[in-house]
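Note sheet for the following structure.
The values are calculated or read from the model by the stated rules, or taken from the named source; none is laboratory data. Note that the structure is predicted; figures quoted are calculated from it, not measured. Glycine also receives a Cβ, built like all others from the backbone with ideal geometry; neighbour counts cover every protein chain displayed.
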Amino acid sequence: MGGTRTEKLNSEFQKSIYEILTKKVKDDRITEMFTILSVETDRELQTAKVYLSIFSTNPERAERTFQAIKDSAGFVRQTLSKTMHIRTVPKFEFIIDTSMQYSQRINDILSEINKK
């Protein structure tokens with residue numbers, strides 16, 4: 001039963017965090033496209049890991065975008081505390097998920113091997 005509630009909260013956090021970051025956070029450093037891949041909240045609702053992917057060909061701009069998102073964690077939490085009907089909103093830790101880039105790199109290597 002508790003797992004289902006946490007899963008629902010994670011899904012709601014995922015949607016809400018993306019909406020806040022794209023519509024309410026006004027930071028000029030957020031220049032690259034990104035997506036929230038998942039949110040993992042601990043059972044006590046104290047902390048939540050927010051996995052995101054940034055789509056960019058420029059590593060410097062991607063890093064600036066990520067830093068701006070990390071810097072907005074307090075604002076995101078404050079905004080969610082006003083809109084969600086839960087006792088406590090967890091502290092958010094933003095983490096870049098590089099699995100898609102890694103997967104693409106593996107595919108590129110395999111393509112090169114197949115060409116040879």
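Name the single residue, out of those in region 6-39 being of a type in the set (Val, Ile, Thr) and touching a strand residue (DSSP E or B) at 6+ places or on another chain (Cβ under 7 Å), that is farthest from Asp71 (Cα to Cα).
Looking at the filtered set, the residue picked out is Thr6.
Thr57 passes all but one of (1) without any contact (Cβ under 8 Å) to a residue 24 or more places away in the chain; (2) over 23 Å from Gln104 (Cα atoms); which number fails?
(2)
Within region 1-24, which residues are surrounded by fewer than 16 Cβ atoms within 10 Å (Cβ to Cβ) and over 18 Å from Thr47 (Cα atoms)?
Across region 1-24, the qualifying residues are Met1, Glu19, Thr22, Lys23, Lys24.
Conditions (1) surrounded by 13 or more Cβ atoms within 10 Å (Cβ to Cβ); (2) in a helix (DSSP H, G or I); (3) in contact (Cβ under 8 Å) with a residue 12 or more places away in the chain, marked per residue:
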{"position": "Asp27", "(1), (2), (3)": "yes, no, yes"}
{"position": "Val50", "(1), (2), (3)": "yes, no, yes"}
{"position": "Ser53", "(1), (2), (3)": "yes, no, yes"}
{"position": "Arg77", "(1), (2), (3)": "yes, yes, yes"}
{"position": "Ser81", "(1), (2), (3)": "no, yes, no"}
{"position": "Ser111", "(1), (2), (3)": "no, yes, no"}
{"position": "Asn114", "(1), (2), (3)": "no, yes, no"}
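What is the residue count in region 1-25 for residues that are in a helix (DSSP H, G or I) and farther than 22 Å from Ser56 by Cβ?
Taking region 1-25 and keeping what is in a helix (DSSP H, G or I), we get 2-23.
Add one more test, that the residue is farther than 22 Å from Ser56 by Cβ, and what stays is 2-13, 15-16.
Summing the residues that are in a helix (DSSP H, G or I) and farther than 22 Å from Ser56 by Cβ in region 1-25 gives 14.
Which condition breaks for Ile95 when tested against (1) surrounded by fewer than 16 Cβ atoms within 10 Å (Cβ to Cβ); (2) not in a strand (DSSP E or B); (3) not small (Gly, Ala, Ser)?
Every listed condition holds for Ile95 apart from (2).
Identify, please: which residue in region 55-75 is modelled with pLDDT under 95 and in a loop (DSSP other than H, G, I, E, B) and is, among those, surrounded by the fewest Cβ atoms within 10 Å (Cβ to Cβ)?
This residue is Thr57.
Criterion first (farther than 21 Å from Asp97 by Cα, in contact with a Leu (Cβ under 8 Å, 6 or more places away or on another chain) and at pLDDT below 95) does Leu45 satisfy it?
Numbers: farther than 21 Å from Asp97 by Cα: yes; in contact with a Leu (Cβ under 8 Å, 6 or more places away or on another chain): yes; at pLDDT below 95: yes.
So Leu45 passes the test.
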